[in-house]
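Structure, as structure tokens:
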Amino acid sequence: MGNRLDSPVCTRGEVILRQEPYVCVPNNSSTVSRCDGCFASESLKKCSACQVVWYCGSTCQKSEWKLHRLECVALSRLEKEKRKAVTPSIRLMVRLYLRRKLQNEMFIPASVTDSCNFVGALVSHLKDLDEKQLVLYAQMANLVHFILQWPEINLKEIAENFSKLACNAHTICDCELRPLGTGLYPVVSIINHSCLPNAVLIFEGKSSVVRAVEHIPEGAEVTIAYIDTAGSTITRQKTLKEQYFFTCTCPRCIKVGQYNDIQESAILEGYRCKDDRCNGFLLRDSEDKGFICQTCGLLRSKEEVKRIVSEITAISDKELKSTSPGSILFNGHIDHEEAFSLYKMTEKLQMELYHPFSISLMRTREELLKILMEIGDWREALAYCRLTIPGYQRVYPELHPLLGLQYYTCGKIEWLLGYTEDAIKSLTRAIDILRITHGTNSPFMKELMMKLDEAHAEASYNLSSKDE
Ligand SMILES: C[S@@+](CC[C@H](N)C(=O)[O-])C[C@H]1O[C@@H](n2cnc3c(N)ncnc32)[C@H](O)[C@@H]1O
């Protein structure tokens, strides 16, 4: 497991550490641009010299200038076509080298936890990479070399650093866990993974904050989740092995293969019983004819499962196309009607095929919820939001930020629809979780707590006007 971070004694909600990024970049693409300073996506202007980097105003431009000054010179040298190849990953690496140079030349200060030496000690897993990945990193290293044009630069070291970023950098998210960018936070990078972590990583702007979600005794290892832990044990272990090259032995993963774990996998990722009234889960039958319901013994044939799966896959391809940049309408939006009807078809097929607690079904409902909120169909949106809550409760621990955020969404919609009592319940549940994971000082949390106060005030007003 290598390095680990041990904690002083920490109570739930306590901040274990805060760190600014060593380097970071927004996840800009052909359709989304964000300010390099604050990741805002509105009122942006391109850097007039390099035409690659965006800023929301002079304050952010000035705050980023020390590093961008060098980056700007390097990017400006590139032909227009080549600049398009400068992806966020390439920029992150270019910035890593530029920061090292600035620290070596003492233009920016370095500290024990904020220096290139610290970055140098991070695990790279270079030896675990397959041929394809090595070739990709070698090509990316060539591009970085071409951009920087430093004769002394070592191509193998750049490729190794790409491998380091892959398993040590973090996705920077907003308070509602929507991804905004990528950053390297050297101390946060020491923290190991658990599928049942005792801490959570949240961002306040670009600052990383690690908070305890459990009581952590002194000297105990601090753990966070590297991946979405909603999947079955086998799925989680596969993802961790492929992305981070280790076999997880956390308290959830050691149960792999035990009856309860097999049952949970079958519920989350397996099929439903053919009999609508039966809530049983299915396991592959010993003769490989199909899947047997463990409650009533009914068989679901392989052929039937295959047919529905291929129908779902065909629609999923269309869903992807309907939300891809190429199909965005002239007004910058997706065709909601088309996307909605495709996701509805998927939902119908998934309800026919999968267990009611299926994660795929839950994801489809999340997409439907998103579309319904975008078009302002609040009644339907509430129905979908409520449908997802039991799934969230099942796949996430009690104090998971995603569960808190889903209660928050529910509360907001209930409030909008005038269901004040329901909104109070949902917002209270949201706050109970999010005050631990997010703290109480951010503008996001202040707004959430204010909404709850308003809902309470409205409820007592309604009560008093009834009494009159
Ligand atoms: C961000 S680093 C964490 C710090 C790392 N342990 C080190 O020594 O630098 C991620 C890497 O740590 C290791 N790691 C993280 N969590 C682990 C765990 N639960 N069990 C075993 N190895 C783990 C894996 O090698 C993974 O690719």
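What Kirkwood Rh does the range 92-208 have if only Cα atoms enter the pairwise 1/r average? Answer in Å. Before the final figure, lay out each step's value.
Details: mean 1/r = 0.0637 Å⁻¹.
For the range 92-208, the Kirkwood estimate is 15.7 Å.
Work from the charge dipole of the chain (Cβ charges, +1 for Lys and Arg, -1 for Asp and Glu, about the Cα centre) and give the residue of Gln263, Gln149, Asn104 farthest towards its positive end.
Going by the charge dipole, the pick is Gln149.
Distance between the C-alpha centers of the range 57-133 and the range 151-191? Whole Å please.
Their Cα centres are 10 Å away from one another.
So which chymotrypsin sites (Phe, Trp or Tyr not before Pro) in the range 371-416 end up in coil per DSSP with only 13 or fewer other C-beta atoms within 10 Å?
Hits after loop and neighbour filter: nothing returned.
Would you mind listing how long the range 224-323 runs along its three principal axes, going by Cα atoms, in whole Å with the largest first?
40, 40, 25
Using the Cα gyration tensor of the range 350-399, with a ≥ b ≥ c the square roots of its eigenvalues, what is the shape: rounded (a/c below 1.5), prolate (a/b larger than b/c) or oblate (neither)?
oblate
Take every Cα pair under 8 Å in the range 396-468 that's 6+ residues apart, average their separations, divide by the length, and report that relative contact order as a whole percent.
Dividing the mean separation by the residue count of the range 396-468 yields 32 percent.
Leaving out same-chain residues fewer than 8 places away, which aspartates and glutamates sit with a Cα under 17 Å from that of Lys66?
List returned: Glu20, Asp36, Glu105, Asp114.
Which entries in Lys62/Lys206; Lys132/Lys156; Lys127/Lys156; Lys84/Lys370 show an alpha-carbon gap greater than 19 Å? Write out the running numbers ahead of the final one.
Working: Lys62/Lys206 16 Å; Lys132/Lys156 15 Å; Lys127/Lys156 13 Å; Lys84/Lys370 30 Å.
Exceeds cut-off: Lys84/Lys370.
In whole Å and largest first, what semi-axes does the C-alpha gyration tensor of the range 396-468 yield when each eigenvalue is scaled by 5 and square-rooted?
Rounded to whole Å, the semi-axes are 24, 12, 9.
First measure r as the distance between the Cβ atoms of Met449 and Leu416, then evaluate 1/(1 + (r/R0)^6) with R0 = 30 Å and state the FRET efficiency to the nearest 0.05.
After rounding to 0.05, the efficiency reads 0.95.
Loop-only check: which GluC sites (Glu not before Pro) in the range 258-294 are DSSP coil with at most 12 other Cβ within 10 angstrom?
Glu287
Please report, in debye to the nearest 20, how large the charge dipole of the chain is about its Cα centre when each Lys and Arg carries +1 at its beta carbon and each Asp and Glu carries -1 there.
Result for the chain is approximately 1300 debye, rounded to the nearest 20.
Provide the per-residue ³J(HN,Hα) series for the range 448-453, in order, calculated from phi with Karplus coefficients 6.51, -1.76, 1.60 and θ = phi - 60°, each as a whole number of Hz, with x at glycine and proline positions.
Each residue's phi maps through the Karplus curve to give 4, 5, 5, 4, 5, 4 Hz.
I need the GluC sites (Glu not before Pro) found in the range 54-151, filtered to DSSP loop residues with at most 16 other beta carbons within 10 Å of theirs. Could you put the intermediate results ahead of the total?
Details: sites: Glu64, Glu71, Glu79, Glu81, Glu105, Glu131; in loops: Glu79, Glu105.
Qualifying residues, ordered by number: Glu79, Glu105.
Relative to the first principal axis of the alpha-carbon coordinates of the chain, what is the inclination of helix 378-395, with its axis defined by its Cα atoms, in degrees from 0 to 90 and to the nearest 10?
80
Give, as a single signed number, the net charge of other residues whose beta carbon lies under 14 Å from the beta carbon of Ile191, with Lys and Arg counted +1 and Asp and Glu -1. Could you put the intermediate results ahead of the total?
Numbers: positive: Arg4, Arg18, Arg211; negative: Asp6, Glu221.
With Lys, Arg at +1 and Asp, Glu at -1, the net is +1.
Return one number: the angle in degrees, 0 to 90 and rounded to the nearest 10, between the long axis of the Cα atoms of helix 420-437 and the longest principal axis of the Cα atoms of the chain.
Here the helix axis deviates by roughly 40 degrees.
Roughly how tilted is helix 233-244, in degrees to the nearest 10 and between 0 and 90, from the longest Cα axis of the chain?
Taking the Cα atoms of the chain, the angle to 233-244 is about 10 degrees.
Given the -39500 (n - 2.57) contribution per DSSP H run of 4+ residues, what per-residue ellipticity at 222 nm results for the chain, rounded to the nearest 500 deg cm²/dmol?
Rounded to the nearest 500, the figure is -16500 deg cm²/dmol.
Using the Cα atoms of the chain to build a convex hull, what is its mean projected area in square nanometres?
One quarter of the hull surface, i.e. the mean projection, equals 27.4 nm².
In straight Cα distance, which aspartates and glutamates are under 19 Å from Lys321, not counting same-chain residues fewer than 8 positions off?
Excluding near neighbours in sequence, the set is Glu311, Asp335, Glu337, Glu338, Glu347, Glu366, Glu367, Glu374.
Sequence neighbours fewer than 8 away in the same chain don't count; with that in mind, list the aspartates and glutamates whose C-alpha is under 15 Å from Lys255.
In chain and number order, the partners are Glu264.
Every read-out reported here was derived from the displayed coordinates using simple, explicitly stated rules and does not represent laboratory data. The shown structure was predicted, so the numbers you read here are calculated from the model rather than taken from an experiment. Ideal geometry is used to build each Cβ from the backbone, glycine not excepted, and the neighbour counts take in all protein chains shown.
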